[in-house]
1. Figure the gain on full extension for Gln195 and Ile33 (residue separation times 0.36 nm, minus the Cα-Cα span) and round it to one decimal in nm.
2. Please work out how much length the chain gains when fully extended from Glu124 to Asp275, using 0.36 nm per residue of separation minus the C-alpha to C-alpha distance, in nm with one decimal.
3. How compact is the range 103-195 by the rule of thumb for globular proteins, expressed as Cα Rg over 2.2 N^0.38 Å?
4. Can you give me the relative contact order of the chain as a percent, contacts being Cα pairs under 8 Å and 6 or more apart?
5. Among bridges DSSP assigns within the chain, what percent are antiparallel (round to 5)?
6. Based on the alpha carbon coordinates of the range 4-161, what radius of gyration and maximum Cα-Cα distance (Dmax) apply, in Å?
7. Mind putting together the pair-distance distribution for the range 14-285? All Cα pairs, 10 Å bins, whole percent per bin, short to long.
8. What is the spin-label model distance, in nm, from Ile9 to Glu188 if the labels are put 7 Å beyond Cα along the C-beta direction?
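Every read-out reported here was derived from the displayed coordinates using simple, explicitly stated rules and does not represent laboratory data. Please read all numbers here as calculations on a predicted model, not as lab measurements. When we count neighbours, we look across all protein chains shown, and the Cβ atoms used for this are built from the backbone with ideal geometry, even at glycine.
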Amino acid sequence: MSHPLSNGIPPAWADAWGQDEYGGWVAFEFDGISQLLRWIPPGEFLMGSPESEQGRYDWEIQHQVTLTQGFWLFDTPVTQALWQAVMGENPSRFQSPQRPVENVSWNDAQEFIKKLNDGLPGLELCLPSEAQWEHACRAGIKTATYAGDLKILGEGNAPLLDKIAWYGGNSGVDFELENGYDSSDWKEKQYEHKQAGTHPVALKQPNSLGLYDMLGNVWEWCEDYWSDSYLAEAQTDPKGPADGDSRVIRGGSWFGGARGVRAACRNAGSPDYRDAYRGFRCARVQA
């Protein structure tokens, strides 16, 4: 399916747009900070993991999902530079402009989105649904990651992840900030390191849709309330439960083990909870 810019008419909020080897893209600028979004086509996919997948959790029940609408998705997690431009402050522990913002709750993400949308009328960003997030992360693949299936050799040792993700096994490699997290006693690391934390976005390989850091670096808040049952029957445009106590996070982080850094892995947290492992990226559904 062609992307919405194939007619040559960009949205009013766009500063740049085009097509490349990953597909359609569009970018906006806010207070001098540019952000690129990638086109995610609609389609069907198997959400969750097969029982044979190494490292899976029981609540990753595999089921068919159909998404009838394509959407735009930030090509990286929200950076500290963009957060600072919108919010006027930076809550992150590991501070540098091109690192993902962290120490932000689901509620904080909603406030950011509202302010950014108010500043750029017509932008209409939101958090992706859990299904949208996994569809974008997989980019058409059925394996544990967009680089293939994982062979987990130890809690923090899955060599395949090294080229696509910052996780507990490699997040201390070339970590240069003084306030790194003490990782000296982490078990079974792919590389030996004593301090770890986030890294600047887009240093690892993207998936086939041009999305960086979908796995690792920071967990990403999704719009959905958490469901233990996963609504695990065939779904069309699923949105999760109507209410709940927790919101979904996806993708794993620099702090976690290898089993958390898989396309099907899902976790949750209270919407007011903050830590240095959680960030987010924004979506825009194309009507």
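1. Values: separation 162, 0.36 × 162 = 58.32 nm, distance 2.98 nm.
Gain in length upon complete extension: 55.3 nm.
2. 51.7 nm
3. Working: Rg = 17.8 Å, N = 93, 2.2 N^0.38 = 12.3 Å.
Cα Rg divided by the expected 2.2 N^0.38 Å: 1.45.
4. Working: 692 pairs, mean separation 71.5, N = 287.
Computed value for the chain: 25 percent relative contact order.
5. Numbers: 36 of 41 bridges.
Percent antiparallel among DSSP bridges in the chain is about 90.
6. 17.8, 50
7. 7, 32, 38, 20, 3
8. Distance between label points: 5.6 nm.
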